[in-house]
1. Of the GluC sites (Glu not before Pro) in region 58-100, which ones lie in a loop per DSSP and count no more than 13 other C-beta atoms within 10 Å?
2. For helix 177-189, report the angle its Cα long axis makes with the longest principal axis of the Cα atoms of the chain; keep it between 0 and 90° and round to the nearest 10°.
3. Mind checking which of 138, 115, 69 is farthest towards the positive end of region 40-189's charge dipole, using Cβ charges of +1 (Lys, Arg) and -1 (Asp, Glu) about the Cα centre?
4. Quick check on the exposure proxy: order 146, 70 from fewest to most C-beta atoms within 10 angstrom.
5. Order of 162, 131 from fewest to most other C-beta atoms within 10 Å?
6. In a GNM of the chain with a 10 Å cut-off on Cα contacts, which of 71, 166, 48 has the highest mean-square fluctuation?
7. What list of whole percents do you get for P(r) of region 43-159, with Cα-Cα distances grouped in 5 Å bins up to the one holding the largest distance?
8. For 141, 86, what's the fewest-to-most ordering of other Cβ within 10 Å of each Cβ?
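Values in this text are rule-based calculations from the coordinates and carry no lab data. Because the structure is a prediction, the values reported are computed rather than measured. As a convention, Cβ positions derive from the backbone with ideal geometry for all residues, glycine included, and neighbour counts pool all protein chains shown.
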Amino acid sequence: MPTATPSAANPATAHWLSASQLPAPPSAQQCDWLFDQGSLTRRLTELADEQFSVLPLLEGWQALRSDECLALKVPEGSQGWVREVYLRGHGQPWVFARSVAARSALEGSGLDLAHLGNRSLGELLFSDQAFVRGPLQACHYPAAWLPSAVRSEQLWARRSGFSRGALALLVVEVFLPSLWQHVAGRATLNP
């Protein structure tokens, strides 16, 4: 698996907003997924009839993006552990997920993100009751930040922070068209 490497500054920006702040809210169905407080891993596993998997794409230390530094309350340009994966149903990428933690908080925390492999970070976060989840926010995720295989404009994404003492993790989940197609197909079968 490739490791993350520092990249040139990316001019793309994301405008993360709460559900009540969104100027043009998504459909009711999309809102249900974007602002659901439960475990996305569990929900996807159920939707995929237990045929859920995680495909790691990239992980390693790199400079965090400006919006990530702001959310994690660390100085601009701070180093962090970055993990990007596809959350898949029936072998299809349904969600692109990017999780980050500042190096300063992660080292010495006892959390070893480097060895998650094809396990879901969400499963770990929801099984450890010491983690507290912050508010959910949503935006149209910048296409430039997506892997080329799923790059598309105007995809809805959500993010939330998870904290345990001094450790803070930021988890972003981008909902891909293949998920919405499966959800729509499931709704047609089960009206």
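1. Answer by residue number: 76.
2. So the inclination is approximately 30 degrees.
3. 138
4. Fewest-to-most Cβ neighbours within 10 Å comes out as 70, 146.
5. With the fewest neighbours first, 162, 131 line up as 131, 162.
6. Ranking 71, 166, 48 by mean-square fluctuation puts 166 first.
7. All Cα pairs, binned at 5 Å, distribute as 2, 10, 18, 22, 24, 15, 7, 2, 0 percent.
8. Least to most surrounded, the residues fall as 86, 141.
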